[in-house]
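See structure below.
The values are calculated or read from the model by the stated rules, or taken from the named source; none is laboratory data. Keep in mind that this is a model prediction, so the values were computed, not measured. Heads up, the Cβs are rebuilt from the backbone with ideal geometry, glycines too, and the neighbour counts pull from every protein chain shown.
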Amino acid sequence: MRVFLDRVSKHFGPVKAVDELSLEIGDKEFMALLGPSGCGKTTTLLIVAGFYKPTTGLVLFDDQVVNDVPPRERNIGMVFQSYALYPHMTAFDNIAFPLRLRKMKKQKIEEKVKAVASLLHIEEILYRRPGELSGGQQQRVALARALVKEPSLLLLDEPLSNLDAKLRIMMRAELKRLQKDLGITTIFVTHDQIEAMTMADRVAILESGRLQQVGSPEELYNMPINLFVAGFIGTPPMNFLVATLEEAEGKFFIKTSHFSLPLPNAIGQKARSRTTSKAVIIGIRPEDITIGQGEIQGEIYIVEPLGRDTLVTVDVGGETIKVIAPAGFKADPHERIRLAFSLEKIYLFDKETGKSLII
């Protein structure tokens, strides 16, 4: 099923929860809606599900407008953050519930429930109640209940957020594989950028109800179109520094109050063609900085060993810069250190608008 949101808005009084959102989700695509709390991603999901009617705009399933189609007639499966399992029913009865509402024959229900239980490896817990199940088992039961209806569209509202870290990593892989095997168009809501980046074919980033950028995880990471996307995607996040863009004798430089660096001509020329202002924001990812060499001087603020590498926070004239250093890197607070930026990996943003000057 293809889903298309055409200039969809949802207002709650004066609040614009979703503002003129246009987005297309392709057939069999896994699309993540990503953003901070209050950005409109769950509201968007509930509009697609039919629980909310958009204030303006159209929702289309395969070219059919479904604004007035009730949720039960949209052939969707939905998994909530809380799982919403009936506590007095066994796992089997929870999964079978939507089929019984359709008045399906008992033998057919049993066949379908056991088939989806086998798919999710929960055959042994079918006759336990939710209170007797772990969080991961409850999550699988909720997913089985959504899938047993053979929906054309699967809607997932932060289904992994209640799981512990180890189980969350395992379920990310299982959900992604399951979606590919079944070929169900899926919309996945999350505030966790790692979940979105590792699971989705494409990610739509929302902020304050507005779509900021949509693209593959690689596109969002390598080609952020504004400061918000650049700062939201990446762990640790991108470093930002206020600077000026200078040009002298056909060469370009970026200058802060504490250092000056030459820019590759291709980056400088592209930035200069897009703004007449000298005021810019430099963006540089922690993994694109080399510690222990270079022209930028600072002092160690804190060192955080992460196992395979080390996260180092460096104070450069009152500005903190995060750096990914090799595993085993050691230094004491206040120790002087040098940094080198990978100049080809520098991003430049307009200080006033926040828009990228090089993408």
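In segment 20-45, how many residues are surrounded by fewer than 18 Cβ atoms within 10 Å (Cβ to Cβ) and not in a loop (DSSP other than H, G, I, E, B)?
Restricting attention to segment 20-45, the residues satisfying the condition of being surrounded by fewer than 18 Cβ atoms within 10 Å (Cβ to Cβ) are 20, 22, 24, 26-28, 36-38.
Add one more test, that the residue is not in a loop (DSSP other than H, G, I, E, B), and what stays is 20, 22, 24.
The number of residues fulfilling the criteria is 3.
So in segment 93-108, with the set limited to residues that are surrounded by fewer than 19 Cβ atoms within 10 Å (Cβ to Cβ) and of a type in the set (A, V, I, L, M, F, W, C), which one is farthest from the chain's Cα centre (by Cα)? Explain how you work it out, then say what you get.
Kept after step one, since they are surrounded by fewer than 19 Cβ atoms within 10 Å (Cβ to Cβ), are these residues of segment 93-108: 93, 97-98, 100-108.
Checking the rest, the ones that are also of a type in the set (A, V, I, L, M, F, W, C) come to 97, 101, 104.
Values: F97: 32, L101: 35, M104: 38 Å.
So, considering only residues that are surrounded by fewer than 19 Cβ atoms within 10 Å (Cβ to Cβ) and of a type in the set (A, V, I, L, M, F, W, C), the one farthest from the chain's Cα centre (by Cα) is M104.
Identify all residues within segment 309-359 that are of a type in the set (D, E, K, R) and more than 28 Å from the chain's Cα centre (by Cα); write none if there are none.
Kept after step one, since they are of a type in the set (D, E, K, R), are these residues of segment 309-359: 309, 315, 319, 322, 330, 332, 335-336, 338, 344-345, 350-352, 355.
Result: D315, K330, D332, E335, R336, R338.
Being assigned to a loop (DSSP other than H, G, I, E, B), in contact with a strand residue (DSSP E or B) (Cβ under 8 Å, 6 or more places away or on another chain) and over 19 Å from P159 (Cβ atoms): is that true of M89 here? Before the answer, list the steps.
On the way: assigned to a loop (DSSP other than H, G, I, E, B): yes; in contact with a strand residue (DSSP E or B) (Cβ under 8 Å, 6 or more places away or on another chain): no; over 19 Å from P159 (Cβ atoms): yes.
For M89, the condition - assigned to a loop (DSSP other than H, G, I, E, B), in contact with a strand residue (DSSP E or B) (Cβ under 8 Å, 6 or more places away or on another chain) and over 19 Å from P159 (Cβ atoms) - is not met.
Do we have V316 as among the aliphatic types (A, V, I, L, M), at pLDDT 95 or above and within 15 Å of S260 (Cα to Cα) here?
Working: among the aliphatic types (A, V, I, L, M): yes; at pLDDT 95 or above: yes; within 15 Å of S260 (Cα to Cα): yes.
When the stated conditions are applied, V316 passes them.
Confirm whether A340 is hydrophobic (A, V, I, L, M, F, W, C), part of a strand (DSSP E or B) and surrounded by 12 or more Cβ atoms within 10 Å (Cβ to Cβ).
Working: hydrophobic (A, V, I, L, M, F, W, C): yes; part of a strand (DSSP E or B): yes; surrounded by 12 or more Cβ atoms within 10 Å (Cβ to Cβ): yes.
Here the answer is yes, as A340 does meet what is asked.
In the set E174, E218, E207, E195, which member is closer than 26 Å to M1 by Cβ and surrounded by 18 or more Cβ atoms within 10 Å (Cβ to Cβ)?
Numbers: E174 fails: surrounded by 18 or more Cβ atoms within 10 Å (Cβ to Cβ); E218 fails: surrounded by 18 or more Cβ atoms within 10 Å (Cβ to Cβ); E207 fails: closer than 26 Å to M1 by Cβ.
Answer to the selection: E195.
Quick one: would you say F240 is surrounded by fewer than 18 Cβ atoms within 10 Å (Cβ to Cβ), within 15 Å of L357 (Cβ to Cβ) and at pLDDT 95 or above?
For F240, the condition - surrounded by fewer than 18 Cβ atoms within 10 Å (Cβ to Cβ), within 15 Å of L357 (Cβ to Cβ) and at pLDDT 95 or above - is met.
Can you find a residue that is in contact with a Cys (Cβ under 8 Å, 6 or more places away or on another chain), outside the structural domain of Q269 (by TED's automatic domain parsing) and either at negative phi or free of Cβ contacts under 8 Å to residues at least 12 places away in the same chain (or both) anywhere in segment 143-164?
So the first thing to find is which residues in segment 143-164 are in contact with a Cys (Cβ under 8 Å, 6 or more places away or on another chain), and the list is none.
No: segment 143-164 contains no residue that is in contact with a Cys (Cβ under 8 Å, 6 or more places away or on another chain), outside the structural domain of Q269 (by TED's automatic domain parsing) and either at negative phi or free of Cβ contacts under 8 Å to residues at least 12 places away in the same chain (or both).
Quick grid of which residues meet (1) among the small types (G, A, S); (2) without any contact (Cβ under 8 Å) to a residue 24 or more places away in the chain; (3) at negative phi:
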site: S9; (1), (2), (3): yes, no, yes
site: K41; (1), (2), (3): no, no, yes
site: L45; (1), (2), (3): no, no, yes
site: G50; (1), (2), (3): yes, no, no
site: P54; (1), (2), (3): no, no, yes
site: V65; (1), (2), (3): no, yes, yes
site: P70; (1), (2), (3): no, yes, yes
site: R74; (1), (2), (3): no, no, yes
site: Y86; (1), (2), (3): no, no, yes
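Scan segment 186-207 for residues that are among the aliphatic types (A, V, I, L, M) and in a helix (DSSP H, G or I) and jot them down. Reasoning before the result, please.
Step one: of segment 186-207, the residues among the aliphatic types (A, V, I, L, M) are 187, 189, 194, 196-197, 199-200, 203-206.
Listed by number, the residues that qualify are I194, A196, M197, M199.
Which members of segment 68-95 meet the condition of being modelled with pLDDT of 95 or more and among the small types (G, A, S)?
If the condition is that a residue be modelled with pLDDT of 95 or more and among the small types (G, A, S), then A91 is the only one that fits.
Restricting attention to segment 232-276, which residues are in a helix (DSSP H, G or I) and touching a residue at least 40 places away in the same chain (Cβ under 8 Å)?
Applying the first criterion (in a helix (DSSP H, G or I)) to segment 232-276 yields 232, 265-274.
If the condition is that a residue be in a helix (DSSP H, G or I) and touching a residue at least 40 places away in the same chain (Cβ under 8 Å), then F232, I267, K270, A271, R274 are the ones that fit.
Quick test for you: out of S273, S257, S277, pick the one residue that is within 27 Å of E207 (Cα to Cα) and at pLDDT below 95. Can you show your working first?
On the way: S273 fails: within 27 Å of E207 (Cα to Cα); S257 fails: within 27 Å of E207 (Cα to Cα).
Answer to the check: S277.
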